[in-house]
Amino acid sequence: MMGPKIVIEPPGPKAKEVLEKNKEYLVTTTQGVPYVVIKRGRGIFVEDVDGNVYIDFASGIGVLNTGHTPEPVINAIKEQIDKFIHFSLTDFYYEIPLKLAEELFRITPGNHKKKVFYGNSGTEANEAALKVAKYYTNRPYIIAFIGAFHGRTMGSLSLTASKPVHKRRFFPMMPGVVHVPYPNPYRPPFGYEGNDLGKAVVDYIRDFVFEKFVPPDEVAAIFVEPIQGEGGYVVPPRDFFPELRKLANEYGIILVDDEVQMGMGRTGKWWAIENFGIVPDIITSAKALASGMPLGATIIRAEYDFPESGSHATTFGGNPVSCAAAIATIKMIEERNLLENARKQGEYLHKRLRELQEKYEQYIGDVRGIGLAQAIEIVKDSKTKEYYPELRGKIVEEASKLGLILLGCGKSAIRFIPPLIVEKEHIDVAIEILEKAIARAIEAVK
Ligand SMILES: Cc1ncc(COP(=O)(O)O)c(C=O)c1O
């Protein structure tokens, strides 16, 4: 299974069968590329049940940073499975989560003493951060950002604000969450035109939220994504995080950096926040942490720890097989220089996307991203910036038919998040397919 071959119009007969049963058997969740029914994956390629081969620029939604079936990770998993699969950190002890903790503390910013809580997913990592922040500060309010995605369990969902569908019929949310605008340079809130948008947003929190209705000394935490992921791969301006850090310091508010989608090397640094030169108080991670094994981590300042056991725990958290996979993931990223590769290939990908923007300047309104977290925003007309989700959807669909797996994000954007092992040649193939897909899609939606 090597090299992308042009796909025969999927879904093929076997895929169709799976898609139908899927609808019948599984609770409706979200809907990605409609046609890809995977049989196996290797590196950055995926083969479907009908034998079509795709190049994967979605990475299982930002999970497979080390690629599909990475050998060192598989070996670590096999080795651990032979020893024991589960014992439960809630009541018993074993060594491997401690080894992983040492690795995580080594690669997370800040010289302060750290502790880690292990869960199974991104949403759980954020739930833990919520509970730790509330317990430690004994304060009721949380600040989160419009456009944010922090998960779908009720605590994290209360912080999420990227699409109304996530919240419909699920009220009441957790009380005390106040949403404020995120500094989106392409679509600045309040039509702001100055060149200090980050500061303007923080001033809004200070002058309107804290002055008018939320006592700042009652705010436990600010939850923020270093780059908004599901919200559209929105990269904030440079002045944002230093200003936000200052605000949090001023009022003793815990700054929670949600690295679930952007962490583990995606931007060319271990954590995306490192691109902005500040140290958060809590980092939450999941997705790429264990190369596809379920694992979440909430890395906190040690002093935030609960004073008594039982305030928070989960049966599977710190699963030894997941921990082994995570240790191997970190090692592989280091040994193969994947941070460097993410930076280098990210720059190349960005350049190629900009070239496409020049060619399709009416429809590609924006090209943005850091490292291998790149996106284009599809619009009806780049002068008016009117959203064009129909064209976006069609491009993603046509790309999949041509052998390129992509994912949308935000209202009208497409993200490009290949595994960090991606090479220049893969990017060239992806851009070639994308270009064809755009041309076909424009024809189809006309
Ligand atoms: C930034 C961010 N936080 C949290 C989550 C939730 O993670 P999970 O789906 O593992 O619960 C996601 C998922 O997309 C995410 O992108």
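The values are calculated or read from the model by the stated rules, or taken from the named source; none is laboratory data. Computed from a predicted model, the values in this text were never measured in an experiment. Cβ coordinates were reconstructed from backbone atoms using ideal geometry, including for glycine residues, and neighbour counts include every protein chain displayed.
Couple of notes before you dig in:
- Within region 60-71, restricting attention to residues that are small (Gly, Ala, Ser) and within 12 Å of the ligand (Cβ to nearest atom), the residue that is farthest from Lys401 (Cα to Cα) is Gly62.
- Residues of region 286-313 satisfying the condition of being among the polar types (S, T, N, Q) and under 11 Å from Val63 (Cα atoms): Ser291
- Members of region 183-200 that are assigned to a loop (DSSP other than H, G, I, E, B) and under 15 Å from Lys385 (Cα atoms): Asn184, Pro185, Tyr186, Arg187, Pro188
- Options Phe190, Phe210: the member that is of a type in the set (Phe, Trp, Tyr) and modelled with pLDDT of 95 or more: Phe210
- Here Gly176 meets each of (1) closer than 21 Å to Asp366 by Cα; (2) touching a Phe, Trp or Tyr at 6+ places or on another chain (Cβ under 6 Å) with one exception, condition (1).
- Qualifying position, being farther than 30 Å from Tyr136 by Cα, outside the structural domain of Gly265 (by TED's automatic domain parsing), aliphatic (A, V, I, L, M) and in contact (Cβ under 8 Å) with a residue 60 or more places away in the chain, among Ile395, Ile370: Ile370
- Of all residues in region 101-143 being of a type in the set (Val, Ile, Thr) and in contact with a Phe, Trp or Tyr (Cβ under 6 Å, 6 or more places away or on another chain), the one that is nearest to the ligand (Cβ to nearest atom): Val132
- Among the numbered conditions (1) buried (at least 20 other Cβ atoms within 10 Å of the Cβ); (2) at pLDDT 95 or above; (3) not small (Gly, Ala, Ser), the only one that Lys401 does not meet is (2).
- Verdict on Glu218 being within 15 Å of the ligand (Cβ to nearest atom), acidic (Asp, Glu) and touching a residue at least 40 places away in the same chain (Cβ under 8 Å): no
- Residue satisfying condition, being assigned by TED's automatic domain parsing to the domain that holds Ile282, over 30 Å from Thr90 (Cα atoms) and within 16 Å of the ligand (Cβ to nearest atom), within set Tyr182, Tyr204: Tyr182
- Given (1) in contact (Cβ under 8 Å) with a residue 40 or more places away in the chain; (2) among the aliphatic types (A, V, I, L, M); (3) away from the ligand (no atom under 16 Å from the Cβ), index of the condition Ala148 fails: (3)
- Of all residues making up region 400-433, the number that are in a helix (DSSP H, G or I) and without any contact (Cβ under 8 Å) to a residue 40 or more places away in the chain: 2
- Scanning region 279-304 for residues that are within 12 Å of the ligand (Cβ to nearest atom) and part of a loop (DSSP other than H, G, I, E, B) turns up Ala286, Gly292, Pro294, Leu295.
- Total residues in region 60-87, condition part of a helix (DSSP H, G or I), in contact (Cβ under 8 Å) with a residue 24 or more places away in the chain and either over 27 Å from the mean Cα position of the chain (by Cα) or more than 11 Å from Pro320 (Cβ to Cβ) (or both): 10
- Taking region 221-246 as the range and being over 19 Å from Pro188 (Cβ atoms) and either away from the ligand (no atom under 15 Å from the Cβ) or of a type in the set (D, E, K, R) (or both) as the test, the residues that pass are Glu230, Arg245, Lys246.
- Residue in region 88-100 that is nearest to the ligand (Cβ to nearest atom), counting only those that are assigned to a helix (DSSP H, G or I) and not hydrophobic (A, V, I, L, M, F, W, C): Pro97
- Selected residue [out of contact with any Leu (no Cβ under 6 Å at 6 or more places or on another chain), surrounded by 21 or more Cβ atoms within 10 Å (Cβ to Cβ) and at negative phi] from Val202, Val214, Val235, Val209: Val235
- Scanning region 251-273 for residues that are within 16 Å of the ligand (Cβ to nearest atom) and either out of contact with any strand residue (DSSP E or B) (no Cβ under 9 Å at 6 or more places or on another chain) or more than 26 Å from Glu347 (Cα to Cα) (or both) yields Leu255, Val256, Gly265, Trp270.
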